[in-house]
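Here's the structure, in structure tokens; my notes come after.
The values are calculated or read from the model by the stated rules, or taken from the named source; none is laboratory data. Bear in mind the structure is a predicted one, so any value in this text is a computation, not a measurement. When we count neighbours, we look across all protein chains shown, and the Cβ atoms used for this are built from the backbone with ideal geometry, even at glycine. Just so you know, the surface numbers come from the protein's heavy atoms only, side chains and all, with ligands and any DNA or RNA stripped out. Shrake-Rupley method; radii C 1.70, N 1.55, O 1.52, S 1.80 Å.
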Amino acid sequence: MPDQTLHPPGPVLVTGGNGYVASWLVEGLLKLGFDVHATVRDPRDPRKTAHLGAIARGCPGSLSLFRADLLDADAFDRPMAECGLVFHTASPLIVRDVGDPVRDLIEPATQGTRHVLEAAGRTPSVRRVVFTSSIVAVYGDAADLADSEEDRFDESHWNTTSNEHHQPYSRSKTLAERLAWEMAGRQDRWDLVVVNPGLVLGPGLSPHTAAEGVLVMRDLGSGYYRFGAPELEFAVVDVRDVAEGHLRAGLMPGAAGRHILVSETLGLIEIASVLRDRFGDAFPFPRQAVSRPVALMMAPRRGIPQAVAKRNLGYPLRFSNRRAKEALGMSFRPAAESVAEHFRQLLDDGVVKVPRGGGAVSGATRRHPGSRG
Ligand code: NAP
């Protein structure tokens with residue numbers, strides 16, 4: 001962290017404190033000595049919260065867990081009481097095979113944002129809210145870039161092409177971030193700082209989620225793309241850098257506005273090549289791209305609708321991370337490091353299996369202390 005930091009009095013609230021991103025954020029806050037209030041849906045479920053207890057035991061700060069569902073209008077008042085700083089990270093993350101997009105994504109994301117920010121309105125101690133948005137609130141499909149006159153997306157861009165039928169997760173994040181700015185603009189006690197991470201990869205402290213990064217790694221490791229992968233690009237950022245971005249957004253006095261958190265963009269074939277370099281040939285990682293018609297045919301079997309595939313396959317995806325570097329002083333780990341460490345952890349945890357007859361797996365084991373069981 002930079003020397004100049006804001007030290008708001010009172011505890012700090014993290015919503016969805018047990019999540020992949022939030023667990024690293026909670027650890028960072030506890031290491032800085034904060035009294036952290038973390039909301040989770042079920043504080044009594046050890047599968048969801050045991051890792052947080054383990055993290056807290058080794059840190060100078062203290063941790064209290066509170067029960068809160070995004071759909072419960074009053075759930076955030078008690079955990080927010082006396083807090084100066086609020087991190088709102090909780091949001092449903094379902095990118096593929098969405099059941100009911102409004103019920104499962106749009107309502108919890110927007111109602112949750114409303115409930116958390118209304119609670120901030122009722123809590124006189126709150127001075128800043130950091131909102132976890134996403135690059136999917138900046139753009140809808142990679143084709144949007146080709147349709148624009150720019151060569152990369154930056155914080156001035158907004159997703160205007162997603163709706164509840166096409167990229168509903170992206171729509172949920174866009175509506176929630178827009179609502180957060182609208183509600184922040186109606187008052188002047190607390191300020192809003194937004195972070196917009198790309199595809200988050202890297203080792204987790206929490207048990208696995210079905211986050212998109214895990215699905216991408218699993219598909220590569222399982223050999224699903226052994227005969228070739230679609231030409232699809234991902235804007236990658238490491239989970240530890242995302243947590244650091246949140247800390248800086250919360251603790252730097254001058255922080256304001258949106259911040260794209262992306263290290264670099266990698267295509268699926270490039271990700272596969274990083275993995276082959278680190279883990280040898282034990283896995284059937286793809287070596288070449290498949291043609292567009294074949295990729296379009298494969299997409300629905302991976303839970304990706306054809307219309308989404310059409311507007312993303314073969315289109316370059318570029319982001320500017322200048323603002324995060326200049327305003328927050330961020331530096332980003334190379335994407336290859338995040339890819340390799342994430343895959344290593346999924347392998348250690350049995351989420352990705354060594355194929356039969358695959359032989360020995362190379363690549364250094366690096367598990368975080370207090371990591372998932
Ligand atoms: P995650 O591990 O799935 O965390 C999501 C958190 O939201 C979990 O704590 C989850 O609680 C909570 N949540 C979901 N629905 C809820 C509800 N109805 N009520 C209360 N809590 C609810 O995913 P993550 O990757 O850490 O995501 C954290 C934030 O980063 C999200 O806002 C996400 O949109 C954003 N983001 C993620 C990525 C990425 O690639 N992972 C990229 C950009 C932005 P449970 O554990 O109880 O389900």
Listed by chain and number, the lysines with an alpha carbon less than 28 angstrom from that of residue 48, same-chain partners under 8 positions apart left out, are 31, 173, 353
Taking GluC sites (Glu not before Pro) in a DSSP loop with at most 15 other Cβ atoms within 10 angstrom as exposed, one finds the longest site-free stretch of the chain at 165-373
Measure of exposure for residue 276: accessible area at 1.4 Å probe, Å² rounded to 10, is 40
The long-range amide H neighbours of residue 90, using H built 1.01 Å from N in the peptide plane and a cut-off of under 5 Å, are 15, 16
Among segment 321-342, those whose backbone N falls under 19 Å of a label point 7 Å along Cα→Cβ from residue 351 are 335-342
Relative contact order in percent for the chain (Cα pairs under 8 Å, 6+ apart) equals 19
The extension gain from residue 78 to residue 35, computed as 0.36 nm times the residue separation minus the Cα-Cα distance, is 14.0 nm
per DSSP, antiparallel bridges as share of beta bridges in the chain, % nearest 5, sits at 10
Once amide hydrogens are built 1.01 Å from N within the peptide plane, the residues lying 5 or more places from residue 68 or on another chain with amide H under 5 Å from its amide H are 40, 41
Phi-derived 3J(HN,Hα) across segment 222-231 with the Karplus relation (6.51, -1.76, 1.60, θ = phi - 60°), rounded Hz, x for Gly and Pro, is 7, x, 4, 9, 4, 8, x, 10, x, 7
Segment 128-167 scanned against label point 7 Å out from residue 292 along Cα→C-beta; backbone N under 13 Å for 143
Relative contact order of segment 185-294 (C-alpha contacts under 8 Å, at least 6 apart) in percent is 40
Treating only Lys and Arg (+1) and Asp and Glu (-1) as charged, each at its beta carbon, one finds that segment 93-186 has a dipole about its Cα centre, in Debye to the nearest 20, of 740
Spelling it out for residue 134: with amide H atoms placed in the peptide plane at 1.01 Å from N, the residues 5 or more places away or on another chain with amide H under 5 Å from its amide H are none
With bins of 5 Å, the percent of all Cα-Cα pairs of segment 278-357 per bin from 0 is 3, 11, 13, 14, 16, 21, 14, 7, 2, 0, 0
So for R0 = 30 Å, FRET eff. of residue 122-residue 150 from the Cβ-Cβ r, to 0.05, ends up at 0.15
For the chain, the longest principal axis of the Cα atoms and the Cα long axis of helix 20-31 enclose an angle in degrees, to the nearest 10, of 50
Only helices counted: for the chain, with every DSSP H run of 4 or more residues adding -39500 (n - 2.57) and the sum spread over all residues, [θ] at 222 nm is -11000 deg cm²/dmol
In order over segment 306-320: 3J(HN,Hα) from phi, Karplus 6.51/-1.76/1.60, θ = phi - 60°, whole Hz, x for each Gly or Pro, gives 4, 4, 6, 4, 4, 9, 10, 5, x, 9, x, 10, 9, 10, 8
Checking 60, 43, 79 against a Gaussian network model of the chain (alpha-carbon springs below 10 Å), the top fluctuating residue turns out to be 60
Taking only the alpha-carbon atoms of segment 95-249, the convex hull volume per residue, in cubic angstrom, is 147
In degrees, nearest 10, the alpha-carbon axis of helix 168-185 is tilted away from the dominant principal axis of the alpha carbons of the chain by 20
Note, segment 335-349: 3J(HN,Hα) by Karplus (6.51, -1.76, 1.60, θ = phi - 60°), whole Hz, Gly/Pro = x, goes 4, 4, 5, 5, 4, 5, 5, 5, 4, 4, 5, 5, 5, 4, 8
In terms of the alpha carbon gyration tensor, root eigenvalues a ≥ b ≥ c, rounded if a/c is under 1.5 and otherwise prolate when a/b exceeds b/c or oblate, segment 51-122 is oblate
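Find how much the distance from residue 96 to residue 301 grows on full extension, using 0.36 nm per residue of separation minus their present alpha carbon separation; answer in nm with one decimal.
Contour length minus Cα-Cα distance gives 72.8 nm.
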To the nearest 10 degrees, the tilt of helix 107-122 (Cα long axis) against the first principal axis of the alpha carbons of the chain is 20
Of all C-alpha pairs within segment 1-140, those more than 20 angstrom apart amount in percent to 46
Computed for the chain: size of charge dipole around the Cα centre, +1 on C-beta of each Lys and Arg, -1 on C-beta of each Asp and Glu, debye to nearest 20, value 900
